[in-house]
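Below is one structure, written out as structure tokens; the observations come after it.
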Amino acid sequence: MQTETLSEAAASRPALSVRGMVIGGIGAAVITASSLYVALKLGALPWPIVFAALVSLFFLKMLGKTSLNEANVTHTAMSAGSMVAGGLAFTIPGYWMLEGSADIAFWQVLLIALSGVVLGLIATACVRRYFVDTTRLPYPIGVSAAESLLAANEAGALKSKTLFGSLGFAAAYAFLRDNLRVIPAMLFNTDKIPGVAFGIYNSPMLLAVGFMVGPIAVFVWFLGALIGDFGVMVAGTAAGLWDMAQAAAIKTSLGMGLMLGAGVGVVAVQIISLIRRGDKEGAAAEAAQPAEGAVPGKAQAAALGQASAREQILSTKARVIAAPLVSAAVASLAAWALGLGLVPSVLLVAGTWIAILMSSQSAGATGINPMEVFGVLVLLVIQVFCHDLSMASLFFIAAIVAVACGLTGDVMNDFKAGAILGTDPRDQWIAQAVGGIIGAVVASAVLVSLVSVFGTESFGPGKEFVAAQASVVAAMVGGVPDIAWFVAGVAVGALLAAFKLPCMTLGLGVYLPFYLSFTAFLGGLIKVAYDRLARGRQAESMGLAVASGVLGGESLIGVLAALVVMGMSFFGG
């Protein structure tokens, strides 16, 4: 029944439609504005992808016949601006905190946002096939969006009831925890272990992430937490190797180094893979060429058509041409308009490509996309080579990288949903470009408006807009806490990535607070127990439906809460 419904609808409606882009564009503006506000106000930014998927399907059905592919393309546009807003909110306010001056103009913020969007779009067009098809990373948020659309299409089905029941439960749970404060945000938290933020984050969504990414990745993630917190912080200080301040510096530097090394290793693997693939494709094309005057047979036609639209967005030749041209254009624009200088701009673009690969790996393996961390990593590397950059230039660099990585996380999750639903990635990419550009304009306008209305003194810890991630960026602008451990982390991360081991999750575990890693680890244990108790394809599908619903529910309430808070603030609430 499901296949018939999908095929009939798909035959009657194009996936990329004018009405879809209108709905997606309006939704992108609203979600972008609310996401920017909640990122500044609450120091958090929930994934809006599942929310956007359900809203898209709802409005498309109101207008008549639709298909899941049309809904998927529409929500791709609708969710894009949210992470663009996150990239700006997690970086630019740090400048205001340090300098106390709002001398960054709207056109500069807009140029930063658009530069990040363009780099993110061209990069994801190049790497989609590798991360979604070749490595088959889980991308739990994208899977959740696809499962939500499938369940919404199966009215009355058991799977639909299961997914939406878990979605409603998670949404209510998050509302009681975050808005009514009747449920604690932390369980079993204690300060009895010096230097370790021990506890369980009371988040069904994080448990679902651990469940969906699979035991291996989440166990490596937890191993990183044990190394960082109980190895460096507890054992190292107890043995007298360093004091608590040094331990914190080592933990942070090692975690960032491992993540950066993972990106370097992925780059090396990608380059080798592209060279090998190019050789194979060239040999296949040569073998497939028919003799002069001959009519190509089915075998030749199949060989010539291997690089179809559904396999990749850009051909190898297009990638070789487009990626350097776009990168050079962004570097030139940054050097001229933002005053970064030629060398920093070139390093910025090169670093952004590495960060995008890191972001793709992180979002795919864990459902977490620490975009501001990637921005800081690139910033710190550039500082090694360029010592005379202004404070504003440093934050420009971090913001462009963060926007590109934020959009990347959203794009790759959307592509994962598209791979499940059979959506043409070209349609999704066009929709993402539409949503990303709208998001860049809206996020820039809202951010500049907020600082104009409230002033720079309203940003920072304990202020009107806490901007927690921007505070971290401001603190890290001074440099890597421990260079030696950072370099060691880069070396180890690159080596592990070269052997295709999950080193990105290892670095995340070292870097993140212990309670986040521990909660995700519990989700992985639940997955192991569930797989042993519930066997069969249907049972596996039901477990995925529950996890997808939990992910969507907490994200849903986060976006709705953001809309309410923003509306009350701007309209005198």
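The values are calculated or read from the model by the stated rules, or taken from the named source; none is laboratory data. Owing to the predicted nature of the structure, the values given are computational and were not obtained by experimental measurement. No Cβ is skipped: glycine too gets one built from the backbone with ideal geometry, and neighbour counts run over all protein chains shown. We work out accessible area using only protein heavy atoms, side chains counted, and drop any ligands, DNA or RNA first. Shrake-Rupley method; radii C 1.70, N 1.55, O 1.52, S 1.80 Å.
See the values below:
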| quantity | calculated |
| --- | --- |
| Computed E for LEU187/SER452 - FRET, C-beta separation, R0 60 angstrom, nearest 0.05 | 0.90 |
| Solvent-accessible area per residue, Å², over segment 182-224 with all protein chains present [probe radius 1.4 Å] | 47 |
| Peptides 95-104, 414-423 ordered by average Cβ neighbours within 10 Å, highest first | 414-423, 95-104 |
| Residue pairs, from the table LYS65/LYS161; LYS61/LYS416; LYS192/LYS463; LYS41/LYS416; LYS41/LYS161; LYS41/LYS527, whose Cα atoms sit over 25 Å apart | LYS192/LYS463; LYS41/LYS416; LYS41/LYS161; LYS41/LYS527 |
| LYS161 - accessible surface, heavy atoms, 1.4 Å probe, Å² rounded to 10 | 140 |
| Residues ILE321 and MET244, FRET efficiency given R0 of 51 Å [Cβ-Cβ distance, rounded to 0.05] | 0.45 |
| Segments 48-56, 379-387, 433-441 sorted - mean Cβ within 10 Å per residue, highest first | 48-56, 433-441, 379-387 |
| Whole-Hz couplings from phi, Karplus 6.51/-1.76/1.60, listed for segment 15-28; x for Gly and Pro | 5, 9, 10, 5, 5, x, 6, 5, 4, x, x, 5, x, 4 |
| Placed amide H near ASN189: partners under 5 Å, 5+ positions off or other chain | ILE200 |
| Protection proxy ranking of 251-258, 349-356, 442-449 - average other beta-carbon atoms within 10 Å, highest first | 251-258, 349-356, 442-449 |
| In order through segment 183-197: 3J(HN,Hα) via Karplus (6.51 cos²θ - 1.76 cosθ + 1.60), integer Hz, x for Gly, Pro | 10, x, 6, 10, 10, 6, 6, 8, 9, 7, 9, x, x, 10, 7 |
